[in-house]
1. Take the chain, connect every pair of alpha-carbon atoms lying under 10 Å apart with a spring to form a Gaussian network, then pick out the residue of PRO22, PRO233, PRO177 with the largest mean-square fluctuation.
2. Report the FRET efficiency, 1/(1 + (r/R0)^6), for ALA159 and ALA87, where r is their Cβ-Cβ distance and R0 is 35 Å, rounded to 0.05.
3. Roughly how far apart, in whole Å, are the Cα centres of region 114-142 and region 5-78?
4. Order of ILE183, ILE110, ILE7 from fewest to most other C-beta atoms within 10 Å?
5. Over region 18-87, what lengths in whole Å, largest first, do the semi-axes of the equivalent ellipsoid take, defined as the square roots of 5 times the eigenvalues of the alpha-carbon gyration tensor?
6. Amide H of GLN218: which non-local residues (sequence gap of 5 or more, or other chain) have their own amide H closer than 5 Å, using H built in the peptide plane?
7. Considering all alpha-carbon pairs of the chain, what whole percent are spaced by more than 33 angstrom?
8. Counting other beta carbons within 10 Å of each Cβ, put SER83, SER113, SER241 in order, fewest first.
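Nothing in this text is a laboratory measurement; each read-out follows from the coordinates by a stated rule. The structure displayed is predicted, hence computed values, not measured ones. Neighbour counts run over all protein chains shown; Cβ positions are idealised from the backbone, glycine included.
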Amino acid sequence: MSARIKIAYGDHAEQFGHLYLPPEPVDASTPVVVVIHGGFWSGQYGSNLGTQFARAVAAAGAVAWNIEYRRVGAGGHWPEMQSDVTAALDVVAGELQHHAPAGIDDVRVIGHSAGGHLAVWLGGETSTTVRPSRIVSQAGVLDLEPRGASGRTNPAVEALLQARYEDDPALYRSASPAARVPIGIPTICLHGSEDVQVPAAQSERYVETARAAGDDAQLTVVPGEDHFAFLNPDSRCWALSLDAVLGGSGE
């Protein structure tokens, strides 16, 4: 089992990540996988949700960087989250190099649920020192607008953004990955067909929109599996996630 190295990327207690190293020596050809946990952006859930997957990534030969970030009820809302995920990504070119001198040209980002939202949003951010080579969304919340636009509220999104859609539609668009295409990064969206927490239509709409904008976006809907299958090492969603983030071509 890979040893865990804790690295802080800020002064707040929630601004840290756990680094997991592969069994073999790390060099510039070793990919780095940034793991972003879900939990509907709530402080009730933490980076422990990504620990098992991060260990599996390291066991398969990559460097895994499982990040924590300020969440609703744990020091942050949307401004803090976007600041944290960008700062955590840039750690790959900074402090992380002291422990794992991996290359920064092959940094892959994967996230589940709310983490999928943050991962794909991060792909559209051009201010970072590190630019991801691939994004994988596991049942990601990729469009924050439709519920508000259709009159249906989403308490988790309202808590994240601290606003209703009708009061600040521009804020919803700026935080919505679907409104940021094209991002110019290959993106793989995985979703379970039986997901009732985040319907597969989220990924379907995102991929359609991204492709129309010229992005390389792929979609796989896994029959018979639900939102939480991505946390189950025995599921098809788990196996496909490892293949998606570790495969040489992203296919």
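1. Sorting by GNM fluctuation, first place goes to PRO233.
2. 0.95
3. Comparing the Cα centres of region 114-142 and region 5-78, I get a distance of 14 Å.
4. The fewest-first ordering by Cβ neighbours comes to ILE7, ILE183, ILE110.
5. Those come to 26, 13, 7 Å.
6. Amide H neighbours of GLN218, under 5 Å, 5+ apart: THR187, ILE188, CYS189.
7. 11
8. Listed from fewest to most nearby Cβ atoms, that is SER83, SER241, SER113.
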